[in-house]
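Working notes for the structure below.
No lab work stands behind these numbers, since they all come straight from the coordinates. All figures in this text were calculated on a predicted structure; none of them were measured in a lab. Cβ: placed from backbone, ideal geometry, glycine included. Neighbour counts: every protein chain shown.
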Amino acid sequence: MSRLAAPLVLCVSGLLILTACSLERSVTPGGNVTRSGTSASPVPVANSSTESVRLGPFTQVFSTPLPASPAQAKVVAGFRVAQILWEKSNIAGHLVKPVKAYVIGEALYHLVTAMTVNKSHDLVPAGTDRMFKTRVTSLTGNTATVTTCDDGSKYREQNPRTGKVNAAYTPSLHQAYLFETWYMVYISGNWAISSFSVATYPDPSAQHCQP
């Protein structure tokens with residue numbers, strides 16, 4: 001996962017362009033979702049628990065099981081779908097269907113910008129990124145908030161044509177662990193990301209994500 005600092009400037013890596021320190025993930029197309037060692041649909045469903053999404057040289061891991069609450073589980077399932085479609089759009093270099101149903105508003109603007117930055121640097125994510133301690137912190141009507149820790153310690157960047165790893169990417173241990181807040185809205189029958197923010201160490205909210 002490559003990391004971009006706010007506002008819209010490159011920072012040390014790991015999925016997005018954020019208002020604080022952003023994450024941007026691009027991946028190769030044609031990946032599968034693996035659950036308990038088996039291949040499945042590239043889009044998570046509401047009855048999935050933990051999952052590992054392999055997309056070419058990059059793997060996204062959702063290591064926190066879905067909440068026991070059916071309502072909260074639907075929020076997190078939509079969150080996972082949005083993350084995967086974001087990745088697919090980045091590597092494709094265009095908005096893949098149905099990403100605009102899962103990434104909207106300010107978040108969609110950042111996605112489009114992230115795709116442009118990826119192309120200009122000729123780098124795509126490789127290695128593994130892991131989201132953990134994921135939970136729904138608020139759920140009211142058609143809005144919800146999801147928070148998660150993000151472990152990019154095994155993330156790498158590589159040239160998609162040559163496969164060469166970007167040796168210039170050397171994040172510190174603390175920089176590899178982020179605390180993210182994702183703001184969700186229920187629209188057109190599913191939960192979508194509308195905006196987000198990221199906290200980095202030594203921000204107090206990021207300290208509980210450190211190893």
Reachable lysines from residue 164, criterion Cα separation under 25 angstrom, eight or more residues apart if same chain: 88, 119, 154
Could you give the length gained by full extension between residue 109 and residue 122, i.e. 0.36 nm per residue of separation minus their alpha carbon distance, to one decimal place? 2.6 nm
Read phi for every residue in region 88-103 and hand back ³J(HN,Hα) as whole Hz from Karplus 6.51 cos²θ - 1.76 cosθ + 1.60, θ = phi - 60°, with x for Gly and Pro. 4, 5, 4, 6, 6, x, 7, 6, 7, 6, x, 4, 6, 8, 10, 10
Taking amide H positions as placed 1.01 Å from N in the peptide plane, with prolines and chain starts having none, which residues 5 or more places from residue 134, or on another chain, fall under 5 Å of its amide H? 64, 149
Would you please give the FRET efficiency between residue 167 and residue 197, computed as 1/(1 + (r/R0)^6) with r the Cβ-Cβ distance and R0 = 30 Å, to the nearest 0.05? 0.50
Stretchable slack from residue 207 to residue 71, in nm (0.36 nm times residue separation minus alpha-carbon distance): 46.1 nm
Considering amide H positions built from the backbone, and no H for Pro or chain starts, which residues 5 or more places from residue 53, or on another chain, come under 5 Å of its amide H? 34, 60, 61, 62
